[in-house]
Amino acid sequence: MKGLARTIAVRLVGGAVMIWIVATFTFFLVHALPGKPGDVAYEKYVAMGMNSQDARAKASVIYGFTSQDPLFTQYTHYISDLLHGHLGISISYSGVPVADVIGDALPWTVIPIMSGLLISFCIGVSSGVVAAVKRSSRLGSGLSLAASMIAGIPSFVIAILLITVFYTNLGALPYGGTVSETLLVDPGWNVEYMSSVAYHAILPVATYVLISYGGWMLSMRSSVVSVLGDDFILASELRGITPGTRMRYIGRNAILPLFTTLALSFGTLFGGAILIEATFNYPGVGQLLLNSIGKRDYPLMTGAFLLITTAVVLANIVADLLYSVIDPRVRR
């Protein structure tokens, strides 16, 4: 028990150091981007037809509260705020705390991306086992070929194809937004609202399932093929066990390496699928990060990057600990 507690403590300390390093790098990186929030707004107002003087005055009024301290001083204030659990104040959201902005966008990333991740994992793993066991048949070859082709298609291409077929041509599924416009004024945990959320999430979730399916399927197929050559599979066949039991042995051993990848995927999902969210105009963390970069919203950018970094580091720690639990050979 003491050994486990020590291991967890060491991993957490190492994770905290990694988060600090990445947070520091991210802070200086985003501040090194060309252009300041006021400059970006000024160019936007001029492009809208406002004269130069009025555009400069308006940008100064809205974005004039940004810190003018030396960069290192801003960094020390940033780290101090982080230690007190404060992510800063958003520039582009009129002084709203960054934590609140990210908190509003987070459900629209976690729920659809997590749904797509779990669905693609289950389908990919199942078809990977079939493709490996039937690898000499047309079925196995067809599954492998289809997965390879799908894995090579960019996510935005798949998104556009789904929109063209199911929204433009068939009109069967909605595009853009999270719910019907009539329900925006009265959101809540009711059947009508949640049904509309699920209905609008079908195309984004389907896109994520398709872009993830190929990787899971090919990884599982490769893992199963390697397990099929192990001695215990030959011994089980000589003992005359049933095909169902044999498949269970194969699946349980072949899926172990994929659990680490699955745990890491849960960490990266907080970053959202930027291209998917941008294509479907879905207000998740990925879309939020993309908009914050365009508007040079430094606190929001660093807050979003910090969320992604923390999630990935914690996912790594959980994956290491769980792997030793699900695979006793690691503990030896």
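Per-residue extension of 0.36 nm, minus the Cα-Cα distance of ASP104 and ILE123, leaves a gain of 3.8 nm for this segment.
Each of ASN190 and SER141 was given a label point 7 Å from its Cα along the Cα-to-Cβ line. The distance between the two points is 5.7 nm. Here the extension length gained between SER115 and MET18 equals 32.0 nm, from 0.36 nm per residue of separation less the Cα-Cα distance.
Per residue, the accessible area of the range 250-316 comes to 34 Å² when a 1.4 Å probe rolls over the protein heavy atoms.
In nm, what is the difference between 0.36 nm times the number of residues separating SER222 and MET149 and their Cα-Cα distance? Mind showing how you got there, number by number?
On the way: separation 73, 0.36 × 73 = 26.28 nm, distance 1.65 nm.
Taking SER222 through MET149 to full extension adds about 24.6 nm, to one decimal.
How much area per residue is accessible in the range 99-150 when the probe is 1.4 Å and only protein heavy atoms are counted (Å²)?
On the way: 2550 Å² over 52 residues.
Dividing the accessible area of the range 99-150 by its residue count gives 49 Å².
Only residues of the range 287-308 count here: report those whose backbone N is under 19 Å from the spot 7 Å along Cα→Cβ of ASP81, or say none. Answer for this model: 288-308. How high is the FRET efficiency between VAL46 and LEU71 when r is their beta carbon distance and R₀ equals 30 Å, given to the nearest 0.05? After rounding, the FRET efficiency stands at 0.60.
At q = 0.13, 0.20, 0.21 Å⁻¹, what log₁₀ I(q)/I(0) does the range 213-332 have when each alpha carbon counts as one equal point scatterer in the Debye sum? Each listed q corresponds, in turn, to -0.70, -1.09, -1.14.
In whole percent, how big is the carbon plus sulfur part of the accessible area of the range 133-228, probe 1.4 Å, protein atoms only? Before the final figure, lay out each step's value.
Details: 3530 of 5460 Å².
With neighbouring chains kept in place, the figure for the range 133-228 is 65 percent.
Computed from the Kirkwood radius of its Cα pairs, the Stokes-Einstein diffusion coefficient for the range 138-240 at 37 °C and 0.692 mPa s stands at 193 µm²/s.
The values are calculated or read from the model by the stated rules, or taken from the named source; none is laboratory data. Just so it is clear, the model here is predicted, and its values are computed rather than measured. Neighbour counts are summed over all protein chains in view; Cβ atoms, including those assigned to glycine, are modelled from backbone coordinates with ideal geometry. Note: areas computed on protein heavy atoms with side chains; ligands, DNA, RNA excluded. Shrake-Rupley method; radii C 1.70, N 1.55, O 1.52, S 1.80 Å.
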